[in-house]
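Presented below is the structure to which this report refers.
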Amino acid sequence: MTLDFQQLAAQLDDLGPQLRSQGEEAGQRLARALAEMRAWARRPDDLRRRLAEAQTSWRPAEPLSEPLDAAIDAPPPPGDYAALATDGSHIDVDRHSALPCYLINVGWARIRYGRSPDAELSSRPELTYGDRRLVLGDPTDASRDAPLRGNLLAALRSMREVERLAELAAAADADPAGVCLPLLALVDGTFLLWGLAREEITAPVKRYLLDEGMIPALDRLQALAQERPVLPAGYVSRPDRSEVVHSLRVAVCPLPRVDCRACPRRDDGSRPCDDVGVATDRQLFGALLAPGQRSAVFLRQPTPGSIEAQYYGDHRPAAFYLRTPPGGADEIACVEAPLWLARDGPPQADVAALHALLLDQCRRNMGYPLALMEAHEQAVITGPERQAFGRLMEAEVAAEGLAAGTSAKALSKRGRWL
Amino acid sequence: MNDSGRRHSERSEESGEGMAHAAMEETSNEGWDAPPQTLRSAQGDNPNEPLPQITGQVVQADIAGFTAGWPLLQTPPLGSLLKVEDGGTIFAVVCDARTESIDGRPPVARLSGEADLESYLEKHPHLRHLLQTKCDAVAVGHQDGDQVRHYLPPSPAPLFAPVRLCSADETARFSRELDFLKLLLASPTHSDETTAACLRRAAAAHTTAGGGSASGGDGRAFLVRAGKELARLLGTEPQRLTSILRRVRP
C-alpha cells in the first residue's frame, strides 16, 4: 500500500467547513440566477441580441424557440415502440505489450415493446494490428502521421458507435403487423467528436473521422428519419456543462455590449456576472424542473472554425435538460439531438416524442435509459477480459514463432525478482 | 399423522430398519407429490406425463457431477434422473436448480404488480437475454458397455454435452439396483431432500414400468427395498434416516 492515509486524513480536516460555506454562497447565486432566468425569459429578443454581440471565450446557448425558463411535461409514451442504443469500449495500444494493437468493442441493445415484444443484445469486437493500420497517415508529411491511440482512438470508437447505430436503425424491421414503430436511437454521450478540437489534429485525420465516418452516419440517420419515425439522440448523465449559465452571465453583465476583456471587476476581484455564476447548468435546471420535465431546447453558438461549425452543419447538436422521472435516481441529464430533428416537423413534435420515450426508458431502469444501460453492459471490457486479451495476444505471437517482445518494464511488473 | 403413523414413529426409535420397513408398507402411489418448487418445472413429479422435448447442456463438470444450462425457467424436477450421452453415458440426479442473472448483476425486484412472470417478460423483453436457468446434478452412475455401474464415471461429463431427462422406463431400469443411493447421500447439496425426491420419482417409474397397478405395484416393493438399503447405509444416523423416510411417505 503506497497511499499514506494518515497524511491524507490531515488534509480532510477543513473539508466540512469549506463545503458548508460554499453551499451557502451557491444557494444565493442559484436564487439570483433563477430570478434572472425568469426575467430574461420575457425578453427573448434582447437576450438573443446580447448573446450575438457578446465577445466571450465561452460558448453560451440560447433557446431554439421555447422560453428560457420553460419546464415542459412529456406526452404519454406510445405503447409500441423500439429502443436502440449503442455503446463502446476499447483496449488502447500498449507499447509494452507483445503485439501493438487496439481493440474496439461496440455493444448494442435493440428492444421492442408493445404487441410483439422482442430484444437483441449483442456486441462486435474489432481488432486492429499492423504498423500501418495503427496510424492515420498524412499523405503529404510523414512527420504528421497520427498514431491511433488515446483521444484519437476514443474518437474513432465514438464514430464506430454512431456508424453501428445507423446500421441497426436501417435494419430495424417493421413489427409483424408491418407498422414502423417509433425508434429511439441512443448513444452514450455526444455525437460531437470533441477529441478532434485540439490544434494538433491534422486535416486528414478530421476528414477520415468526420467526413468519411461520423457525418455520413448522421446523414444516414437523417435520411431514415425522413422515411420513418427515427429519433437519434445522445444522452449525457449528470452533465458538467454550463452553457445556459454562461448565457445568464452575458445577460446580467453591466456592459451594454459584453466584452470579457473589458470586465468591470469589483474591488474584491469578483466579476459582476459571478452573482449568477452557478457552477453548472445541472444545478440551475435541478431547481427549475419537476421530475419528468424537460427544459427548452438550447443551441450552442459554435466558435467560428470549430469542428462543430466546420463539419457538422445541420447535425449540430441541440440539447435539452431532462429531470429523470420519479421512482428512480433523481438527476438532471442532458439530451442532445441533431439540429434537424430538434427544429423540423410540427412544433417540437420529435422532441416531445424523444422526451416521452426517454422517460419511459428511464422508468424502466431506475432513472437511466434501459437500452443504453444494456448496450453498455454488452460493450464493457472487464479487467479480467483485458488480461485474457493480453494473454491471448502473447500466445498468438508465440505460436507464430515470433519473439514475444514484451517490454522489460511490463515483465518486471509481473513479479518481484529476488 | 394418523394413529397408525404415530405407532410407526414410536417404533422407529427402536430400530432403523424396522422403521424403514413399516414406513414403506404404508406407501402407495396415490396422491404422489406436487411438483418441486422450481420456477416452472419441465415435468412434475409424475414420470407418467409425456416427456417434453427440452434438453440442457453441460456448462461445468467434475467427476462428482455437473451443472447444466436449461431453457429459461424450465428446470428438471428435483430428484429426477438425467442422462448425458456424448461418447459415454453418465447418469446423474438433479440436486439443485436456479434462475439467475447471466452477467452477475443482481436482479432487483421492482414490485410493479404484473400478474405473472410471463406478462412481466412481455413488458421487459430484454430480460430473457439476461437470465439463465441452471441445474446441478450429482453423478450416480455410468454406462460401461452393457452394464450400468452405480459408481462415479471415469471422467467428467464433457462440456456442452446435451443432457436430457430419463424416461420412466430408463429410471426404473437404472434404479433396479440401489448402490447409487450411497452417492446421493454423500451429495454436498440438499442430499436428504434429493434422495427422497429421487426415490419418489423412481417408485412412480417402477409402478409405470410394472403396469401401473392401483395398489402401487412394483413401486411399493421398490420403496420397501430402498428403505432397507437406506437403513443399512444410515444405521448410525437414525434422525437422518427418519427424515428421509418421512419424505417418501405419501
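Coordinate-derived values only; no laboratory data. Computed from a predicted model, the values in this text were never measured in an experiment. We place every Cβ from the backbone using ideal geometry, glycine too, and count neighbours over all the protein chains shown.
Can you tell me, using C-alpha contacts under 8 Å and at least 6 residues apart, the relative contact order of chain A as a whole percent? Working shown, then result.
Values: 728 pairs, mean separation 99.2, N = 418.
This gives 24 percent for chain A.
Mind checking the dipole of the protein assembly as shown: about its Cα centre, +1 per Lys or Arg Cβ, -1 per Asp or Glu Cβ, Debye to the nearest 20?
Working: 75 positive and 91 negative charges, 192 e Å.
Roughly 920 debye for the protein assembly as shown.
Counted over the protein assembly as shown, the DSSP beta bridges are approximately 85% antiparallel.
Give me the one-decimal Kirkwood hydrodynamic radius in Å for chain A, with the sum taken over alpha-carbon pairs. Mind dumping the intermediate values first?
On the way: mean 1/r = 0.0416 Å⁻¹.
Hydrodynamic radius (Kirkwood, Cα only) of chain A equals 24.1 Å.
Inter-part distance, segment A:156-210 to segment A:73-141, computed on C-alpha centroids, equals 10 Å. Per residue of chain A, the DSSP helices (runs of n ≥ 4 H) give a summed -39500 (n - 2.57) that works out to -11500 deg cm²/dmol at 222 nm.
How would you rank B:148, B:94, going from fewest to most other Cβ atoms within 10 Å of each one's own Cβ? Can you show the working numbers first?
On the way: B:148 19, B:94 30.
Ordered from fewest to most neighbouring Cβ atoms within 10 Å, B:148, B:94 come out as B:148, B:94.
Summing Lys, Arg as +1 and Asp, Glu as -1, what charge do residues with Cβ under 13 Å from the Cβ of residue A:309 carry, residue A:309 excluded? For residues surrounding residue A:309, the net value is +2.
Structure remark: mean-square fluctuation, Gaussian network model of chain A, C-alpha springs under 10 Å; the largest value among A:218, A:12, A:193 belongs to A:12.
A simple spin-label model places the labels of residue A:227 and residue B:232 7.5 nm from each other, with each point 7 Å out along Cα-to-Cβ.
Annotation for residue B:85 and residue A:43: the two label points, set 7 Å from Cα along the Cα-Cβ direction, are 8.7 nm apart.
R0 = 35 Å: FRET efficiency of residue A:408 with residue A:211, Cβ-based, nearest 0.05?
Details: r = 42 Å, r/R0 = 1.19.
Efficiency, rounded to the nearest 0.05: 0.25.
For chain A, modelled as a GNM whose springs connect Cα atoms under 10 angstrom apart, the maximal fluctuation among A:15, A:186, A:284 occurs at A:15.
The alpha carbons of segment A:204-245 give a radius of gyration and a Dmax of 14.4, 37 Å, in that order.
In this structure the amide hydrogen of residue B:88, modeled in the peptide plane, comes within under 5 Å of no amide hydrogen from residues 5 or more places off or on another chain. For the pair segment A:9-71 / segment A:324-343, the C-alpha centres are spaced 19 Å from each other.
If you find the alpha carbon centre of segment B:116-165 and of segment A:273-313, how far apart are they in angstrom? A separation of 54 Å, based on Cα centres.
With each label modelled as a point 7 angstrom along the Cα→C-beta vector, the residue A:151-residue A:13 pair spans 4.0 nm. Listed by Cβ neighbour count within 10 Å, with the fewest neighbours leading, A:194, A:340 appear as A:194, A:340.
The gain in end-to-end length when the residue A:135 to residue A:25 segment is fully stretched comes to 34.7 nm, 0.36 nm per residue minus the alpha carbon separation.
Under a cut-off of 16 Å between alpha-carbon atoms, report the aspartates and glutamates in cross-link reach of residue A:409, not counting same-chain residues fewer than 8 places apart. Cα-Cα hits under 16 Å: A:94, A:394. Ranking of B:206, A:96, A:315, B:190 by neighbouring Cβ atoms within 10 Å, starting from the fewest: A:96, B:190, A:315, B:206.
A Gaussian network model of chain A, with springs between Cα atoms under 10 Å, assigns the largest mean-square fluctuation among A:129, A:81, A:235 to A:129.
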